[in-house]
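Note sheet for the following structure.
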Amino acid sequence: MKHVLLFSILMVSAISYGGQEEMELEIAILQPDSVVADPALDSTCILHFNFPDANDESGIMIQYSIDGVSGIHSLIDNEEDLQLETTEGYHDFQFYYSTDFYEEYTSAVVEAGNHYYYTVVFTPAEVMIMTEKPVIYLYPTEEQEVHVNVEPAGEFTFTYPKYEDGWDVLASPNGKLTVNEQSYNYLFWEASEQLSMEQIDFNIGYTVAGSDVTEFLEETLSEAGLNSTEIADFITFWAPRMSVHDDVFMQFQFNEACNRFGELDITPRPDNLYRIYVIWQPLEQLRMAPTPQEIPKMNREGFTVLEWGGQELPASTMTRSL
Amino acid sequence: MMRTTYLLLFFLLISAVSFAEEKRIAATFIFDRSEPAEGLSDEQALFHFKFKNLDKEDESAEITLSCDGGENELFELKNGAFEYRTSAGTHHFTIYINDKYFEMYSHNLLIEAGRKDFYSVRTSKTEGMQIQVYKPIIYLYPEKTSSFEVSVTPKGEMAFTYPRYEDKWTGTMHPNGNIDIDGETFRYLFWESNQRMDALDPKETPGFVVKGENITQFLAEKLNQVGFSASERADFITYWGPQIQAEEQVFITFHQDSECDAFAELNISPTPDNIHRLYISWGAYSGQQVPESQELRPFNRDGFTVIEWGGQEIPTISNTLSL
């Protein structure tokens, strides 16, 4: 059975594009695969949309809008193409399938009396994310040579001092590091990697008001066992960016879990290696109540290595009130 | 039903993601509508550009345009708009009005034969933007352990401080640079503020044009020249290096010592023998202007010395069309 939806009966979407009216769109004209004349159509035309990507189990429906009016095309009840009857002229479309793909914006120019057949191809929604500012501190029990290797999950974008097949460091118990006769407090690297938002479990972590970020981080990082210098390095890097938002979502990753950002190989082997990364995201409207995390305590006995870093995820404007 | 809710949530999320890419003060061509155009030959099409936020006297300005990287063409605006006749297909534009506005770049605009497409073009003024002064950090190096007071009076509004700042920071400082406040030890004092600034103009400002990929070497050289220690240099380079490196080319100008009063005034007691401040202003730059080279003065680190560094990313006037 064919579903021909008329604009006039399309439900008006409750979804608002709040705050995005100002943003520009680059709208490409969608070219039809074929155009078939139909004498039965008088002053209208029928658009057929086929979605070859929409069969990978990541979604159950296509959400669309035509000239700002939204509708839903179920892929369960209706195996057929999405069909829309419309008037001749220029029309804007948006299509959304699942979190695995970006929303598509497109447009078409059509004439009455025809069937138009279109193929809509979605762009995969993996995003390039920067793993930012991992810094590594080394605290040996006596002055010694240490070799540090990092295998980032993506590509290095920046290292300091310069990383060449690892860093060769003369490390002192007070944390002073000497590389090529220059002294440093930490080793620094950054990388960018492909990340799918589906990898993140937003049900675990914290929602923190921007104004409380400093206090929250001080508390959490002291609980983890970082000292005040390390906490200051962490806070002065992340907190200014977080505190400009009303609310942020934060999730910490510890130790082995941080291998997903990069693997560390240190010789000689430290007695204690502690890694803490923050994944965070500005929240515009959302008030989630995620489950707080267990913060493991850093053990600073013997040769101790600390690394911290993080990732800022693209802003979310999602609401959970539905 | 949960699934539906989930999808709706991410619908919004993903649309935000896809918008987040344009960072530059540049392409601001917004498609408004299309209509059939008369008087065009078979393969021709017409763009209609209407500029937003123009000053009254610029609504009939003469503008410079380059289509698809081709030669400069001059057009006179009428009521802040003009039309450009071209072939059907994909085109991109660079448009320069005058030095009150940033040069504008379009993305690739597709137009079909026989049509007139209307675009709004958002202009950006080069004057008086709200700019954040980032990460000024202050190091204290006394000759002997003693108590101190530091106050900062920024020209704009204080956006962030660490450790917490209430009218001033007070504590104990040590010759090795350690700062004790409320029983905690720090290496530096940190503040940030927001203030109004004008765009950088490489025609009028001494400085440097540097490729992003050469930034570490460039900064290391300049900071060595003025007398940063290795760990101060690492703090500076690990903060600014990654951001600047992401740009193809930047314009950089430094501000030293009393010039930094334009950002904030520092009051320190006891009075230091030397206060040295170095701020960097930088912005992505696609122009070819060779700025007048800037001389940096070396720090004197004898006696009780205070070092502060900071900076700002600030839009830079890149007028590629007038060169």
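Any read-out appearing in this document is the output of simple, stated calculations on the displayed coordinates, not a laboratory observation. Keep in mind it's a predicted model, so treat the numbers as computed, not measured. Every residue, glycine among them, receives a Cβ derived from its backbone with ideal geometry; neighbour counts consider all protein chains shown.
Overview of values
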quantity	calculated
D_trans [Stokes-Einstein, Kirkwood Rh over alpha-carbon pairs] for the protein assembly as shown, 10 °C, 1.306 mPa s, µm² s⁻¹	57
Amide hydrogen neighbours beyond the local backbone of A:GLY59, cut-off 5 Å, H modeled	none
Cα-based Rg of the range B:130-313 normalised by 2.2 N^0.38 Å, two decimals	1.04
P(r) of the range A:127-312 over all Cα-Cα pairs, binned every 5 Å from zero, in whole percent	1, 8, 16, 20, 20, 16, 9, 5, 2, 1, 0
FRET E, pair B:ASP302, B:SER146, Förster distance 22 Å, beta-carbon r, rounded to 0.05	0.85
Low-density loop positions, GluC sites (Glu not before Pro), the range B:217-263 - DSSP coil, at most 12 other Cβ in 10 Å	B:GLU248
Over the protein assembly as shown: helical MRE at 222 nm, DSSP H runs n ≥ 4 each giving -39500 (n - 2.57), nearest 500	-3500 deg cm²/dmol
Average beta carbon contacts from partner chains per residue of B:156-164, 10 Å cutoff	4
Neighbour-count order for A:ARG275, A:ARG241, A:ARG269, fewest beta carbons within 10 angstrom listed first	A:ARG269, A:ARG241, A:ARG275
Per-residue HN-Hα couplings for the range A:31-36 [Karplus 6.51, -1.76, 1.60; θ = phi - 60°; Hz; x = Gly/Pro]	8, x, 6, 7, 10, 10
Nearest 10 degrees, 0 to 90: helix B:215-226 Cα axis against chain B principal axis	40
In nm, spacing of pseudo-spin labels at B:GLU73 and A:ASP246 (7 Å Cα→C-beta vector)	4.7
Exposure proxy order (Cβ contacts within 10 Å, fewest to most) of A:ASP67, A:ASP81, B:ASP167	B:ASP167, A:ASP67, A:ASP81
Local net charge near B:GLU76, Cβ-Cβ under 13 Å (Lys/Arg +1, Asp/Glu -1)	-4
Estimated vicinal HN-Hα couplings, Hz - the range B:316-321 in sequence order (Karplus 6.51, -1.76, 1.60; Gly, Pro = x)	10, 6, 10, 8, 6, 7
Residue exposure sequence - B:LYS144, A:LYS176, B:LYS211 - by fewest surrounding Cβ within 10 Å	B:LYS144, B:LYS211, A:LYS176
Contact order relative to length of chain B, as percent, for alpha carbon pairs under 8 angstrom and 6 or more apart	18
Gain upon complete extension [B:LYS50, B:GLN256; 0.36 nm per residue less C-alpha separation]	69.9 nm
Extension reserve of the B:ASP167-B:THR185 stretch, reckoned as 0.36 nm per residue once the Cα distance is removed	4.5 nm
Inter-chain shielding of B:33-43 (mean C-beta neighbours from other protein chains, 10 Å cut-off)	1
Zone of A:SER183's modelled label, taken as backbone nitrogen in the range B:217-242 under 16 Å from a point 7 Å along Cα→Cβ	B:228-235
Residue-wise HN-Hα coupling along the range B:202-207, computed from phi with Karplus coefficients 6.51, -1.76, 1.60 (Hz; x: Gly, Pro)	x, 6, 10, 10, x, x
Rounded if a/c under 1.5, otherwise prolate or oblate - the range B:23-122, Cα gyration tensor axes	prolate
Pairwise label distance in nanometres, A:VAL109 with B:LEU40, each label 7 Å out on the Cα-Cβ vector	0.6
Cα-projected label distance for B:GLU157 with B:SER87, points at 7 Å along beta-carbon direction, nm	5.3
Cα point-scatterer Debye curve for the range A:215-282, base-10 log of I(q)/I(0) at q = 0.12, 0.15, 0.29 Å⁻¹	-0.37, -0.57, -1.38
Inter-chain shielding of B:230-243 (mean C-beta neighbours from other protein chains, 10 Å cut-off)	6
FRET E, pair A:ALA37, A:THR291, Förster distance 60 Å, beta-carbon r, rounded to 0.05	0.50
Partner aspartates and glutamates for B:LYS203 [C-alpha distance under 15 Å; skip if fewer than 8 residues away on the same chain]	B:ASP99, B:GLU103, B:GLU292
Acute angle (nearest 10 degrees) that the helix B:230-245 long axis makes with the longest principal axis of chain B, alpha-carbon atoms	10
